[in-house]
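Here is the structure we will look at.
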Amino acid sequence: MPVPRDEHARTLAFADIALSQIKALAQPATPRNFEIWYNYATGYNPALNQLINQTLEQKGALSEADLDHIYTTYITPNRTERIDTVNSRVLDEIKQVLDMIDAAAGSATDYSASLADASARLDGARDGEGLRAVIELLVKGAREMEANNKKLEARLSASKQEIEQLQQNLHAVRTESLTDPLTTLSNRKFFDAALDKAMAEAKTTNQPMALLMADIDHFKTFNDKFGHLTGDQVLRLVAVSVKQNVKGQDVAARYGGEEFVVALPNTTLQSAITVADHIRRAVMTKELMKRSTGERLGRVTISIGVANLRPSDTAQSLIERADMCLYAAKRNGRNRVICEADPEAAPQTAKPARVA
Ligand code: GH3
Ligand code: MG
Ligand code: MG
């Protein structure tokens with residue numbers, strides 16, 4: 001029962017799901033179809049999952065045309081392209097603003113030249129006619145300057161709007177890249193950075209800190225029995241139970257396929273165990289029902305390991321200890337919380353072989 005924690009196991013789990021969908025729907029195992037189903041298995045693109053689920057619900061199958069449409073709509077224009085587009089729009093905008101500044105500087109230089117010219121002419125103006133000519137020149141220069149300023153102002157205000165829009169786009173792309181779309185929890189990338197920060201803070205301020213690692217019990221059997229779509233609903237249910245039981249500065253994330261992790265700053269081991277137990281109970285009390293048929297699917301349970309921060313910890317060592325406790329919870333019957341102070345969490349020593 002290896003927990004698919006590392007990249008390798010996680011990607012294999014996704015690949016397994018992709019292949020089993022292709023088999024179940026008797027589709028050609030082409031790279032395009034595999035890519036579609038792999039994306040589906042990761043849940044990273046909720047719109048793709050939604051369209052597939054809807055089509056399957058309505059028609060019971062996906063035609064070649066459906067698959068083509070899904071591929072070109074959701075896979076070809078990928079996130080990198082969107083980031084590239086935003087990037088090139090930012091560069092365009094910067095260039096336009098710089099050109100504008102150049103033009104404004106040019107027109108200010110022209111204006112000061114025309115002022116100098118007017119001043120020289122004033123010196124030479126002998127009569128009312130001469131004065132009038134100089135004043136007309138000054139008024140003309142001031143009007144041109146005013147018109148230029150207005151243009152500049154309009155262009156700058158348009159640029160400001162465009163830049164605000166680009167900032168929103170970048171924010172959306174960034175948020176998307178740090179969120180797990182299936183559960184809307186943070187993803188591992190976000191968590192890794194947040195954990196480093198929280199650990200540094202806890203060490204500087206000498207505050208306690210704890211980490212929970214949760215894993216769904218017998219999830220493979222559940223998936224095999226009820227299908228991955230229903231399995232995905234279970235992942236959402238666990239995510240909701242996690243969200244409902246963490247607060248404030250806690251950082252909860254989907255760490256891998258069916259693994260969840262929560263960092264709890266300013267939290268003692270004892271309090272962290274209480275949080276873990278609330279999450280565990282929240283999951284086990286929810287009765288699952290298949291939406292399409294109303295069929296009762298029973299309940300799922302989760303096991304949780306809890307570790308607390310030691311001064312010598314790295315993110316990896318802290319996660320490893322929580323993971324060891326999680327394994328101990330599995331070994332000891334699942335649907336339980338085990339912390340590193342529990343005797344069950346002690347590393348297993350191999351029993352000496354009996355010799356008759
Ligand atoms: P244990 O109680 O020991 O944890 O058993 P398990 O069956 O949960 O553990 P195992 O690691 O063997 O299986 C994990 C399964 O989780 C494999 C895969 O089918 C499923 N899984 C991983 N990611 C996803 C996902 O995104 N969606 C769905 N539906 N299933 C997933
Ligand atoms: Mg697992
Ligand atoms: Mg599991």
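The values are calculated or read from the model by the stated rules, or taken from the named source; none is laboratory data. For clarity, every value in this text was computed on a predicted model and none was experimentally measured. All Cβ positions, glycine included, derive from the backbone under ideal geometry; neighbour counts span all protein chains shown. Please note that ligands, DNA and RNA were not included when accessible areas were found on the heavy atoms of the full protein model with its side chains. Shrake-Rupley method; radii C 1.70, N 1.55, O 1.52, S 1.80 Å.
Here are the numbers for the structure shown:
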quantity: Exposure rank, largest accessible area first [Met145, Met284, Met199; 1.4 Å]; calculated: Met284, Met145, Met199
quantity: Rounded accessible area of Ser112 (nearest 10 Å², 1.4 Å probe); calculated: 60 Å²
quantity: Helix axis angle, 46-59 relative to the chain longest principal axis, alpha carbon, degrees; calculated: 60 degrees
quantity: Quotient of Cα Rg and 2.2 N^0.38 Å for the range 105-235, N being how many residues it contains; calculated: 2.41
quantity: Label point distance in nm, Gln316-Ile135, each placed 7 Å from Cα along Cα→Cβ; calculated: 8.3 nm
quantity: Fraction of antiparallel bridges per DSSP, the chain only, in percent to nearest 5; calculated: 85 percent
quantity: Cross-link reach list, aspartates and glutamates versus Lys160, counting only Cα pairs under 12 Å and skipping chain neighbours closer than eight places; calculated: Glu93
quantity: Where the chain is the region considered: accessible area per residue in Å², 1.4 Å probe; calculated: 58 Å²
quantity: GluC sites (Glu not before Pro), loop per DSSP, at most 16 other Cβ atoms within 10 Å - longest free stretch of the chain; calculated: 1-286
quantity: Entries of Lys220/Lys243; Lys23/Lys220; Lys189/Lys290; Lys95/Lys140; Lys220/Lys286; Lys59/Lys225 with Cα pairs more than 27 Å apart; calculated: Lys189/Lys290; Lys95/Lys140
quantity: Net charge over other residues, Cβ less than 14 angstrom from the Cβ of Pro208 (K, R count +1; D, E count -1); calculated: -2
quantity: Largest-first ordering by accessible area, 1.4 Å probe, given options Arg155, Arg10, Arg132, Arg126; calculated: Arg126, Arg132, Arg155, Arg10
quantity: Simple spin-label estimate for Thr301 and Lys160 in nanometres, 7 Å along Cα-Cβ; calculated: 6.1 nm
quantity: Heavy-atom accessible area ranking, 1.4 Å probe, most first, across Ile83, Ile22; calculated: Ile83, Ile22
quantity: Angle in degrees between helix 315-331 and the longest Cα principal axis of the chain, rounded to the nearest 10; calculated: 30 degrees
quantity: Percent of beta bridges antiparallel (DSSP, the range 248-352, rounded to nearest 5); calculated: 65 percent
quantity: Per-residue SASA entry for Lys150, accessible area with 1.4 Å probe, Å² rounded to 10; calculated: 130 Å²
quantity: Chain lengthening between Ala105 and Thr205 when straightened (0.36 nm per residue, less Cα-Cα); calculated: 30.8 nm
quantity: Distance between modelled label sites at Ser63 and Ala341, nm, 7 Å Cα→Cβ extension; calculated: 6.4 nm
quantity: Calculated P(r) of the chain - Cα pairs past 31 Å, %; calculated: 55 percent
quantity: Area accessible to solvent at Ile94, 1.4 Å probe radius, in Å²; calculated: 90 Å²
quantity: Percent carbon-and-sulfur accessible area, the range 93-224, ignoring ligands, DNA and RNA, probe 1.4 Å; calculated: 56 percent
quantity: Using alpha-carbon coordinates, inclination of helix 188-205 to the longest axis of the chain, degrees; calculated: 90 degrees
quantity: Relative contact order for the chain, counting Cα pairs under 8 Å that sit 6 or more residues apart, in percent; calculated: 14 percent
